[in-house]
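These notes are about the structure you will find just below.
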Amino acid sequence: MHDNIESHLVEKRIFKPRTDFAKNARIKSLAQYQRMYRESLRQPAKFWAREASELVWRARWKKVLEWKAPFAKWFAGGKLNISENCLDRHLTGPRRNKAAIIWEGEPGDKRTLTYQQLHREVCRFANVLKRNNIKKGDRVIIYLPNIPETAVAMLACARIGAVHSVVFGGFSADSIRDRIADSGAIAVVTADGAYRRGGIVPLKKNVDEALRDGTSVRRVIVFRRAGNEIHMEEGRDVWWHRELEYVDANCPPVPLDSEHPLYLLYTSGSTGKPKGILHTTGGYLVGVYSSTKYIFDIRDEDIFWCTADVGWVTGHSYIVYGPLANGATTIMYEGAPNWPEPDRFWKIIEEYRVNILYTAPTAIRAFIRWGDHWVAKHDLSSLRLLGTVGEPINPEAWMWYYKNIGGGRCPVVDTWWQTETGSILITPLPGAIPTKPGSATLPFFGIDPAIVDEKGREVGANVGGKLIIRRPWPAMLRTIYGDKARYRQQYWSEFKGNYLTGDGARRDEDGYFWIVGRIDDVLNVAGHRLGTSEIESALVSHPQVAEAAVVGRPDELKGQGVVAFVTLKASVSVTGGLKAELREHVGVHIGAIAKPDEVRFAEALPKTRSGKIMRRLLKEIASGARVTGDTTTLEDFSVLAKLAESEE
């Protein structure tokens, strides 16, 4: 029995940073990266103090880091306000009239808010919160579509020191109820409805359902978005636009302790009580500010589009706080990437001359499936940098993205991080680090990752193991809300003093990190521990495959059998020999041990609205069990029914 995760995928292609890009980049060479990285590990206090000094502090910190494992305090004794750093500090120069948020709704409605206008809206809504007796330290649930008001509500909470907890607009009433119960929230900010694939998601109705049996919530503030009919509870519910009539636009930012809670974000586990990940003010801001600046090489003239929903950590860090702290222009889009046609993203890039695109591998694989002709219709020449986030990207999907979307001229930053980490931890820097398709490459400044075996010993090159982080970083989670014991147990107990990421990985001979997926998804096949992402990458490298998801099912002989769910490209039809061909293809690329026992073809895979494949459901289908558990975040329910019916 092997303890380590085996890694068989070999990727030889290397893409060096283009000279013209590197010449103008913030980090211009591998030598400069290495010099700064060494300093960030040897003299972290000096390094992070320099980064933090670019922000506005009301009182300077006394100490950069106080670390009593597993509890960190960053910039201890410092006082600042994130809202001030994202808005007010840009109003004294030319940025005041620059677009802060460019927004497009699914039906095609459009709005642009300059920094000055966004500042005004945030101040007004902060005064609405105060008018409704929401104070510093109070928790506020935000359950809104991907509209500018979501950012306004977040920044307004931050301005007065209230703690926001954004709940993704695809979550159900049960999810809202659980989060209210755990956080003790006293207010909910929501909308009548949200547009999704031409229909209306009844957000307010879901909130009413969540509050039906009595909760800690005393006030519901409702934004009018979709115009659908809703119930307004007398004495509890108020309209956003009506409340604005009673307030002015003067609301000074409250100086907050660096460790003051900024937000709670619940990770949606399939079982157990939701985990409220707590992020605080100073360290989080320094983390997202510096990572946005260096990793996306952000410029004043850039139009930056992170396609995530604000309800996820990616949206918090790289739609709202990171870009706005850098004075960038950030794009928000409300709807689905294929509504009304599969070229909606390319239309947006062409129309707004987007320079930086940050999206998910699942979206990229969907674009591949829909066909290159949708891309070819549009001028994407404004793009200068591409990024991916959310899960490991298959080398072939990386190559398609690089060639078809970036025209072979845009660096690709494949970023690895988590809700818990707050900001990106492993990533290429686009002007400095040569990239390899499928690898997140090297650690960001101040990050000290390692790959270890079950006993915590660091493993050699190209040996799979558990990915840990060996020292604290500014944007790290501070605890699980209300449950320090669970925080300690879940993240810090297995390898004392080290953060356990829950991901399996390997490091190649150049020191590059390759994430092989969640440790929970590692398959035990006849004594071999195989990462699912490598088998998926092998399948996607077949010219007829657009997407694949691999899960295990119980097998009396081998312990676990390998089941592959495969989606073919739009122009491809299933032929009799394709299953055998795909099995052989995996055998050639990885080895006979990884050959799927079963290949199932699917029109689509079950995904959440953020594009994550719901592997838990696939495991149940693969093992012949009835699908149980929460399916409320599922994008398309018909996918499940078709999969359950699909033949062996």
Long-range neighbours under 6 Å by Cβ, at least six apart or interchain, first residue touching a residue at least 12 places away in the same chain (Cβ under 8 Å) and closer than 17 Å to R369 by Cα within the range 593-605, second in a strand (DSSP E or B) and of a type in the set (S, T, Y): A602/T567
Which ones in the range 170-192 are assigned to a loop (DSSP other than H, G, I, E, B), in contact with a Lys or Arg (Cβ under 7 Å, 6 or more places away or on another chain) and over 17 Å from V310 (Cβ atoms)? G184, A185, I186, D192
Among residues belonging to the range 62-117 that are part of a strand (DSSP E or B) and of a type in the set (V, I, T), point out the one that is farthest from K293 (Cα to Cα). T112
Helices (runs of 4 or more DSSP H) enclosed by the range 328-391 - at least 1 residues per element that are at pLDDT below 95 and under 22 Å from W417 (Cβ atoms): 361-370
For the range 267-319, which residues satisfy the criterion of being touching a Lys or Arg at 6+ places or on another chain (Cβ under 6 Å) and in a helix (DSSP H, G or I)? Y294
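Every residue, every condition in (1) over 22 Å from E391 (Cβ atoms); (2) polar (S, T, N, Q), yes or no:
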| site | (1), (2) |
| --- | --- |
| V566 | no, no |
| A580 | yes, no |
| V586 | no, no |
| H589 | no, no |
| D597 | yes, no |
| L605 | no, no |
| T608 | no, yes |
| L618 | no, no |
| I621 | no, no |
Which residues, counting only those in the range 509-564, are over 22 Å from the mean Cα position of the chain (by Cα), assigned to a loop (DSSP other than H, G, I, E, B) and at pLDDT 80 or above? E509, D510, G511, S541, H542, P543, Q544
Checking the conditions here, which among S40, S53 is polar (S, T, N, Q), out of contact with any Leu (no Cβ under 8 Å at 6 or more places or on another chain), surrounded by fewer than 16 Cβ atoms within 10 Å (Cβ to Cβ) and on the phi < 0 side of the Ramachandran plot? S53
Pairs only if they're at least six apart or on different chains, beta carbon under 8 angstrom, first in the range 63-79 and free of Cβ contacts under 8 Å to residues at least 60 places away in the same chain, second assigned to a loop (DSSP other than H, G, I, E, B); list them, first residue then second. K63/G77
Flagged in the range 309-358 as small (G, A, S) and crowded, with 23+ Cβ neighbours inside 10 Å, in numbering order, are G311, G315, S317, G322, A325, A328
Pairs please, first residue from the range 197-226 and touching a residue at least 60 places away in the same chain (Cβ under 8 Å) and more than 15 Å from E149 (Cβ to Cβ), second anywhere and of a type in the set (F, W, Y) and surrounded by fewer than 18 Cβ atoms within 10 Å (Cβ to Cβ), Cβ atoms under 9 Å, 6+ apart in sequence or on different chains. R197/W339; G198/W339
Can you tell me which residue is nearest to Y318 (Cα to Cα) among those in the range 385-405 that are small (G, A, S) and out of contact with any Phe, Trp or Tyr (no Cβ under 7 Å at 6 or more places or on another chain)? G390
If R212 satisfies every condition in (1) under 28 Å from T388 (Cβ atoms); (2) part of a loop (DSSP other than H, G, I, E, B); (3) of a type in the set (K, R) but one, which is the exception? (1)
If you go through the range 13-32, how many residues are part of a helix (DSSP H, G or I) and over 28 Å from R89 (Cβ atoms)? 7
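To keep it simple, each residue is scored yes or no on (1) closer than 25 Å to I349 by Cα; (2) in contact with a Gly (Cβ under 6 Å, 6 or more places away or on another chain); (3) crowded, with 21+ Cβ neighbours inside 10 Å.
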residue	(1), (2), (3)
F75	no, yes, yes
K79	no, no, no
S83	no, no, yes
K110	yes, no, no
N127	no, no, yes
N146	yes, no, yes
C157	no, no, yes
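The values are calculated or read from the model by the stated rules, or taken from the named source; none is laboratory data. Predicted model only: the values in this text are computed from it and were never measured. In this analysis, Cβ positions are derived from the backbone assuming ideal geometry, glycine residues included, and neighbour counts consider all displayed protein chains.
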